[in-house]
Amino acid sequence: MVYEDFGAFMRLAVIPRQQEHPNDIRLDGERTGGKRKAFGFFRYNGREWKVDEDTHYLPLELAYSAFVKGDDPFVESETSTGKGRCLSLAAELRKRQQSRAKYLYIYSN
């Protein structure tokens, strides 16, 4: 299923998952390790985006708080591996994340 926007993705997929597993830090429940498996999809800026299941909750929460205020939470760029486009937190949100690591794995589908 592709959610109509980031807000719907958060309300219908991420928040219920987090409420069911409040001690998890990632969508997949793991603490480490990379995965390229999709947790879900949403539309943003005219594209369909895939959220990998190793994405952490904190950057999603920061993005959602900006989204509900009407702010654009994302910056779109090329991936560091050259395999397409990705979304990162906007600069102001990155400062609040308090981590140099991205922990947000959203790619153009």
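The values are calculated or read from the model by the stated rules, or taken from the named source; none is laboratory data. Please read all numbers here as calculations on a predicted model, not as lab measurements. Cβ sites come from the backbone with ideal geometry, for glycine too, and all protein chains shown count toward neighbours. SASA here: full protein model, heavy atoms, side chains in, ligands and nucleic acids out. Shrake-Rupley method; radii C 1.70, N 1.55, O 1.52, S 1.80 Å.
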Next on the checklist: Among the residues of the stretch 65-109, what is the count of those that are touching a residue at least 60 places away in the same chain (Cβ under 8 Å) and open to solvent by 90 Å² or more (accessible area, probe 1.4 Å)?
Outcome noted: 2
Next on the checklist: When the residues of the stretch 3-47 are narrowed to those that are under 17 Å from Phe67 (Cβ atoms) and part of a strand (DSSP E or B), which ends up most open to solvent (accessible area, probe 1.4 Å)?
Outcome noted: Arg43
Checklist entry - Any idea which of (1) touching a Cys at 6+ places or on another chain (Cβ under 9 Å); (2) touching a residue at least 24 places away in the same chain (Cβ under 8 Å); (3) of a type outside the set (Asp, Glu) is the one Val51 doesn't satisfy? => result (1)
Checklist outcome for this item: Considering residues that are in a helix (DSSP H, G or I) and either touching a residue at least 12 places away in the same chain (Cβ under 8 Å) or open to solvent by less than 40 Å² (accessible area, probe 1.4 Å) (or both), the number found within the stretch 54-64 is 7
